[in-house]
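The values are calculated or read from the model by the stated rules, or taken from the named source; none is laboratory data. Note that the coordinates shown come from a computational prediction; the quantities given were computed from them, not determined experimentally. Neighbour counts run over all protein chains shown; Cβ positions are idealised from the backbone, glycine included. When the accessible area is computed, the model is the full protein with side chains, heavy atoms only, and any ligands, DNA or RNA have been set aside. Shrake-Rupley method; radii C 1.70, N 1.55, O 1.52, S 1.80 Å.
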Amino acid sequence: MDSEIVRIFDENMKCIGKKTRGEVHISGDWHETFHCWFTIVEKNECYVLFQKRAEVKKDYPGLLDITSAGHLLAEEDVREGTREVEEELGVSIKFKDLIPLGIIKGEIKLEQIWDREICHVFLYECRLLPEFKLQEDEVDSLYKIRLDDVMNLFEGTVTEITATEISKQNSKIVNKASFVGLDSYYVNVFERIKSKINRGE
């Protein structure tokens, strides 16, 4: 996967060339990703679905993450990002059924990785939970968390919340350290999701 070719961008999101995925995570170049958040309403409560990353993953093993996400390759446009959903979750969705949440820029700089992403973010509202077929080397399981709870967690009003594994209905207590990413990204995304839901879009 590190050999996949992606487009790189300047601070103004202008394409300035191409590099391998492995290179951009070393040099910190801006590159494009596709993020798809699944939600479902149960008993008048909105829940957000998170994937638990497989323990064999090189980066962030075992942490909760976006329902489905991945890098856009150099030859792809954003509509082709839906392939990530099918690859990781075994669910085929149509781009026209996604609700755009806009572009969010995010940066994570650690000792082993400098990840600067231009994230094309989308919402997929499930009427019923699909029959997921998880890609075992990528995704360990899926969890649902009440939208209001996870918003409170990342806004700092609570320190722990409950996550429920979809397939087994097992619940566990999680905190910010259980998730990949930055507080600001999550707050931004969940506010956008809540806005769409409240407007009935």
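Principal axes first, then extents: for the Cα atoms of region 116-201, list largest minus smallest coordinate on each axis, whole Å, largest first.
30, 29, 29
I need the calculated FRET efficiency for the pair ASN12 and LYS133, taking r as the beta carbon distance and R₀ as 30 Å, to the nearest 0.05. If you can, show how the numbers build up before the last one.
Numbers: r = 40 Å, r/R0 = 1.33.
Calculated transfer efficiency: 0.15.
With all protein chains present, how much of the accessible area of region 56-201 (probe radius 1.4 Å) comes from carbon and sulfur, to the nearest whole percent?
Values: 3610 of 7750 Å².
Heavy-atom surface of region 56-201 belonging to carbon and sulfur, 1.4 Å probe: 47 percent.
Calculate one ³J(HN,Hα) per residue across region 103-117 by plugging θ = phi - 60° into the Karplus curve 6.51 cos²θ - 1.76 cosθ + 1.60, and present them in order as whole Hz with x for glycine and proline.
These are the phi-based 3J(HN,Hα) values: 10, 10, 8, x, 9, 10, 10, 10, 4, 9, 8, 10, 10, 10, 10 Hz.
Can you flag which of LYS14/LYS52; LYS94/LYS194; LYS18/LYS52 are past 25 Å Cα-Cα?
Values: LYS14/LYS52 33 Å; LYS94/LYS194 22 Å; LYS18/LYS52 30 Å.
Over 25 Å Cα-Cα: LYS14/LYS52; LYS18/LYS52.
Just round it to a whole percent: the fraction of Cα-Cα distances in region 1-72 exceeding 17 Å.
Values: 1470 of 2556 pairs.
The calculated P(r) of region 1-72 puts 58 percent of pairs beyond 17 Å.
For region 102-152, what is the accessible area per residue in Å² when the probe is 1.4 Å? Provide the component values of the computation, followed by the final result.
Values: 2810 Å² over 51 residues.
Here the residues of region 102-152 average 55 Å² of exposed surface.
Tell me, rounded to the nearest percent, the portion of alpha carbon pairs in the chain spaced more than 30 Å apart. Kindly include the intermediate steps, with their values, before the conclusion.
Numbers: 3358 of 20100 pairs.
I get 17 percent for the Cα pairs in the chain exceeding 30 Å.
Spin-label point model (7 Å from Cα, Cβ direction): what's the GLU160 to VAL56 distance in nm?
Taking the simple label geometry, GLU160 and VAL56 are separated by 3.3 nm.
If only Cα atoms are counted, what is the Rg of region 76-159, and what is its Dmax, in Å?
According to the Cα coordinates of region 76-159, Rg and Dmax are 15.3, 41 Å.
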